[in-house]
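Colleague: Before I ask anything, here is the structure I am working with.
The values are calculated or read from the model by the stated rules, or taken from the named source; none is laboratory data. Worth saying up front: this structure is predicted, and the values here are computed from it rather than measured. Note that each Cβ is placed from the backbone with ideal geometry, even for glycine, and that neighbours are counted across all protein chains shown.
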Amino acid sequence: MKKPLMVIPLVFLLCFTFNCQQGEEVVEESAVDVEAEKEAIITKFKEELRIFDELQKEGDISKIAEAYVSWHTDDAVLMFPGMPAIIGSENIYDYINDNYSKVLDEYIFEFPNWKAEELQVTDDWAFHRFSGIAVLRPKKGEKLIELDRKYLDIWKKLPNGEWKIAIHSFNLNK
């Protein structure tokens, strides 16, 4: 009966020694200015949409593909509904170059009303959840196509401080 009683003081001693007192919470201050990082990501996102609109008006699909690739990390992953993931800069470039040219021949792609739902930043990763209507405006007076979408982008902060998209995914609401 004395052995279990001897263990209790030993447990207290170990807890005290290794700083595991109950009720004490250790809070580390983040070295990241979260609000500044959020602003940097949203600003970059808006700039990418603006550039995309300008490049569409020029109609040069290779410039659109190059710009799109430049906004993503080299090992980025695109996850679109009903298809396998597209991984890496070269595959992303080929996908945009091959597939978007078909869209560009007949439509202007617009994203006029995107809404940031949530943006979380931790160290060198950020999670951006947003939604909006993707609009395909026909060049030849056909019926407008509106796609109600939700998105999740995972951003990575590179060693040079630049934010790029590491994973881009979306799905349709309807």
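Colleague: Which residues, taken from the stretch 36-59, are touching a helix residue (DSSP H, G or I) at 6+ places or on another chain (Cβ under 9 Å) and over 21 Å from ALA126 (Cα atoms)? It would help to see each step written out before you state the result.
Modeller: Restricting attention to the stretch 36-59, the residues satisfying the condition of being touching a helix residue (DSSP H, G or I) at 6+ places or on another chain (Cβ under 9 Å) are 48, 51-52, 55-56, 58-59.
Passing the criteria: ILE51, PHE52, LEU55, GLN56, GLU58, GLY59.
Colleague: Moving on to the next point. Out of the residues in the stretch 102-133 that are assigned to a helix (DSSP H, G or I) and exposed (fewer than 15 other Cβ atoms within 10 Å of the Cβ), which is nearest to the chain's Cα centre (by Cα)? Walk me through it before giving the result.
Modeller: In the first step, residues of the stretch 102-133 are kept if they are assigned to a helix (DSSP H, G or I); the result is 102-106.
Pick out the ones that are also exposed (fewer than 15 other Cβ atoms within 10 Å of the Cβ) and you get 102-103, 105-106.
On the way: LYS102: 26, VAL103: 24, ASP105: 28, GLU106: 28 Å.
Only one residue fits best here, namely VAL103.
Colleague: State yes or no: is TYR107 of a type in the set (Ser, Thr, Tyr) and under 19 Å from HIS168 (Cα atoms)?
Modeller: Numbers: of a type in the set (Ser, Thr, Tyr): yes; under 19 Å from HIS168 (Cα atoms): no.
Answer is no for this residue.
Colleague: Which one of the conditions (1) over 20 Å from ILE51 (Cα atoms); (2) among the basic types (Lys, Arg); (3) surrounded by 12 or more Cβ atoms within 10 Å (Cβ to Cβ); (4) over 14 Å from the mean Cα position of the chain (by Cα) does ARG137 fail to meet, given that it meets all the rest?
Modeller: Going through the list (1) over 20 Å from ILE51 (Cα atoms); (2) among the basic types (Lys, Arg); (3) surrounded by 12 or more Cβ atoms within 10 Å (Cβ to Cβ); (4) over 14 Å from the mean Cα position of the chain (by Cα), ARG137 breaks only (1).
Colleague: Working only within the stretch 99-115, note down all residues that are without any contact (Cβ under 8 Å) to a residue 60 or more places away in the chain and either in contact with a helix residue (DSSP H, G or I) (Cβ under 8 Å, 6 or more places away or on another chain) or aliphatic (A, V, I, L, M) (or both).
Modeller: First, pick out the residues of the stretch 99-115 that are without any contact (Cβ under 8 Å) to a residue 60 or more places away in the chain: 99-110, 112-113, 115.
Correct list: TYR100, SER101, VAL103, LEU104, ILE108, PHE109, GLU110.
Colleague: May I pose another question? Is it true that ILE86 is among the β-branched types (Val, Ile, Thr), farther than 20 Å from ASP53 by Cβ and surrounded by 13 or more Cβ atoms within 10 Å (Cβ to Cβ)? Explain how you work it out, then say what you get.
Modeller: Numbers: among the β-branched types (Val, Ile, Thr): yes; farther than 20 Å from ASP53 by Cβ: yes; surrounded by 13 or more Cβ atoms within 10 Å (Cβ to Cβ): yes.
It is true that ILE86 is among the β-branched types (Val, Ile, Thr), farther than 20 Å from ASP53 by Cβ and surrounded by 13 or more Cβ atoms within 10 Å (Cβ to Cβ).
Results for (1) closer than 30 Å to ALA31 by Cα; (2) of a type outside the set (A, V, I, L, M, F, W, C); (3) at pLDDT below 90, shown as yes or no for each residue.
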{"position": "PHE109", "(1), (2), (3)": "no, no, yes"}
{"position": "LEU119", "(1), (2), (3)": "yes, no, no"}
{"position": "TRP125", "(1), (2), (3)": "yes, no, no"}
{"position": "ALA134", "(1), (2), (3)": "no, no, no"}
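Colleague: While we're here: What's the number of the condition ILE167 fails, among (1) part of a loop (DSSP other than H, G, I, E, B); (2) modelled with pLDDT of 95 or more?
Modeller: The single condition ILE167 does not satisfy is (1).
Conditions tested, residue by residue: (1) farther than 23 Å from GLY161 by Cα; (2) at pLDDT below 95; (3) part of a helix (DSSP H, G or I); (4) out of contact with any Gly (no Cβ under 9 Å at 6 or more places or on another chain).
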residue: CYS15; (1), (2), (3), (4): yes, yes, yes, yes
residue: GLU28; (1), (2), (3), (4): no, yes, no, yes
residue: LEU49; (1), (2), (3), (4): no, yes, yes, yes
residue: PHE52; (1), (2), (3), (4): no, yes, yes, yes
residue: SER62; (1), (2), (3), (4): yes, yes, yes, yes
residue: LEU78; (1), (2), (3), (4): no, no, no, yes
residue: GLU90; (1), (2), (3), (4): yes, no, yes, yes
residue: TYR93; (1), (2), (3), (4): yes, no, yes, yes
